[in-house]
Amino acid sequence: MRYISTRGGMTPRSFREILLEGLATDGGLAMPQTYPQYSKASLSRLRKMSYADLAFDILSHYIDDIAPTDLKKLIKKTYTAKVFCSEAITPLKTLEPGLHLLGLSNGPTLAFKDLALQLLGNLFEFVLTSQKGQLNILGATSGDTGSAAEYAMRGKRGIRVFMLSPHGKMSRFQTAQMYSLSDPNIFNIAIKGVFDDCQDMVKQVSHDESFKRRFHIGTVNSINWARVAAQVVYYFKGYFAATKNDSEVVSFAVPTGNFGNVLAGYIARQMGLPIHQLILATNENNVLDEFFKTGIYRPRVSSEVKQTSSPSMDISKASNFERFVFDLVERDTHKLSALWQAVERGGEFNLQGTPYMNRLAESGIVSGTSQHADRLKTIRDIYKKYDVMVDTHTADAIKVGLEHRTPGVPLIFLETAQPVKFAEIIQEVLGREPPCPENCRGLERLPQRMDVMHVDSDAIKDYIENRCQS
């Protein structure tokens, strides 16, 4: 397998080469030249596999420059009942016949991001050790990516993590998870802005090729292809858990902010998984809902990004969306580059009246929006009807998913995080505290450590340089 850039300016590269780099050298995102294909016969072979074996079967197509024995060992080390509190890793809860909740939040930070980032941490350490290398990870988070990345990378040899987050815009639990870490290789930077500002600075620093090479800058954001590939696995696992045979189709309802979660589902569908629909749920920051309904992609400026009760989705410019549009325009790198140049100048693009609108309809993705009142009502209704607590982001997926439900097609809601991460909202809606795992109790009372900075990519580079030399 070789990887190319969405912008067309990178010679095909191996998995190891793109693993440590993040953005491609031309500013685009790495994409596999082809998607592996699974027939119905091969799906039958996968059906009864453990999560680790399934992950190896899928990921070995994308990672063919790590010896199979080593890759299998890394995957089995990652996906254990000890790490994810369940032999199933992603247990499926049936709410009623044909309606399911896929449990993705049983990892160390109680969020679905753990499923990819725990593997990414082990891959990074393996490759760096074999190369005797160093890596300075620069990331941005709207809530869950930061803690999942830091818990995956803490104490890893040869790795430092510099994580940007919007100051004062995450939940108290999310903030405490990140800022209470005292590991010397973890650096939290609270930015006086919104998530899009943080993400923009990560890209600006990554565009400085000289700085990137000098300080070995990599990323754990979902612009890193390995994260997306790892997320493909739980779509297969969820499908097998919700069906009895390989002639059935299912739909998934997916809350999305940076588009990585739903992109993984789209790729699973491209690989042959029988997905009827991917139901994309946005919150009040509904840029992607607008696109899938109209063909117009119009990112908002920072001042227009709304702070909501599903904060991990408070994103206007979804970085993984470029990968989807790359496929949408039939991998025409010149067309893709022209579209993104308009966006990067603060503009928009409009695919109405183009042949690409037909391809959009064929993608399997439909969309909708959930507001604050909707998610509160959904949390209340799901608890009353099924005695199940869900967090605010999962509630968005449930609300929009039910609006698009197809009769006779099983619908799987992707759980985003455990409700305790948004305890204030749960307390407000249900009048009771959500359960908290033993190892997370008292987290918010621990001392917190972070540096507050303005939106200034040059200042971020100075910060990294100073810490790397100390």
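The values are calculated or read from the model by the stated rules, or taken from the named source; none is laboratory data. Note that the coordinates shown come from a computational prediction; the quantities given were computed from them, not determined experimentally. Cβ sites come from the backbone with ideal geometry, for glycine too, and all protein chains shown count toward neighbours.
Observations
- Here GLU125 meets the list (1) crowded, with 23+ Cβ neighbours inside 10 Å; (2) part of a helix (DSSP H, G or I); (3) at pLDDT below 95 almost entirely, failing just condition (1).
- Residue that is modelled with the lowest pLDDT [pool: residues in region 18-65 that are acidic (Asp, Glu) and assigned to a loop (DSSP other than H, G, I, E, B)]: GLU21
- Flag if VAL400 is in a helix (DSSP H, G or I), closer than 23 Å to LEU278 by Cβ and in contact with a Gly (Cβ under 9 Å, 6 or more places away or on another chain): yes
- Among (1) surrounded by fewer than 21 Cβ atoms within 10 Å (Cβ to Cβ); (2) more than 19 Å from the chain's Cα centre (by Cα); (3) closer than 25 Å to ALA395 by Cβ, the one test that PHE291 misses: (1)
- Every pair of residues 6+ apart whose Cβ atoms lie under 7 Å, when the first sits in region 146-162 and is over 13 Å from LEU120 (Cβ atoms) while the second is at pLDDT below 90 and among the small types (Gly, Ala, Ser): GLY158/GLY133
- Exactly one residue out of ILE460, ILE398, ILE382, ILE412 is closer than 21 Å to MET170 by Cα and either surrounded by fewer than 22 Cβ atoms within 10 Å (Cβ to Cβ) or within 24 Å of the chain's Cα centre (by Cα) (or both), and it is ILE460.
- Criterion (in a loop (DSSP other than H, G, I, E, B) and either over 25 Å from the mean Cα position of the chain (by Cα) or in contact (Cβ under 8 Å) with a residue 60 or more places away in the chain (or both)) met by exactly one of VAL390, VAL366, VAL429, VAL452: VAL390
- Filtering region 50-71 to residues that are touching a Lys or Arg at 6+ places or on another chain (Cβ under 9 Å), touching a residue at least 40 places away in the same chain (Cβ under 8 Å) and of a type in the set (A, V, I, L, M, F, W, C) leaves LEU54, ALA55, ILE63, ILE66.
- Of all residues in region 151-168, those satisfying the criterion of being within 28 Å of GLN427 (Cα to Cα) and touching a helix residue (DSSP H, G or I) at 6+ places or on another chain (Cβ under 6 Å) are SER165, PRO166.
Here is a yes/no grid of residues against (1) surrounded by fewer than 24 Cβ atoms within 10 Å (Cβ to Cβ); (2) modelled with pLDDT of 95 or more; (3) assigned to a helix (DSSP H, G or I):
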residue: SER222; (1), (2), (3): no, no, no
residue: VAL233; (1), (2), (3): no, yes, yes
residue: GLY238; (1), (2), (3): no, yes, yes
residue: SER247; (1), (2), (3): yes, no, no
residue: ALA253; (1), (2), (3): no, yes, no
residue: ALA268; (1), (2), (3): no, yes, yes
residue: ILE279; (1), (2), (3): no, yes, no
residue: GLU284; (1), (2), (3): yes, yes, no
residue: ALA318; (1), (2), (3): no, no, no
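- Going through (1) surrounded by 15 or more Cβ atoms within 10 Å (Cβ to Cβ); (2) under 24 Å from LEU414 (Cα atoms); (3) in contact (Cβ under 8 Å) with a residue 24 or more places away in the chain one by one, LYS93 falls short only on (1).
- Residue in region 348-364 that is within 16 Å of LEU278 (Cβ to Cβ), in contact with a helix residue (DSSP H, G or I) (Cβ under 6 Å, 6 or more places away or on another chain) and among the polar types (S, T, N, Q) present: no
- Test result for LEU23, under 23 Å from LEU135 (Cβ atoms), buried (at least 19 other Cβ atoms within 10 Å of the Cβ), touching a His at 6+ places or on another chain (Cβ under 9 Å) and touching a residue at least 24 places away in the same chain (Cβ under 8 Å): yes
- You will find that of ASP462, ASP381, ASP374, the residue that is in contact with a helix residue (DSSP H, G or I) (Cβ under 8 Å, 6 or more places away or on another chain), at pLDDT 95 or above and in a helix (DSSP H, G or I) is ASP374 and no other.
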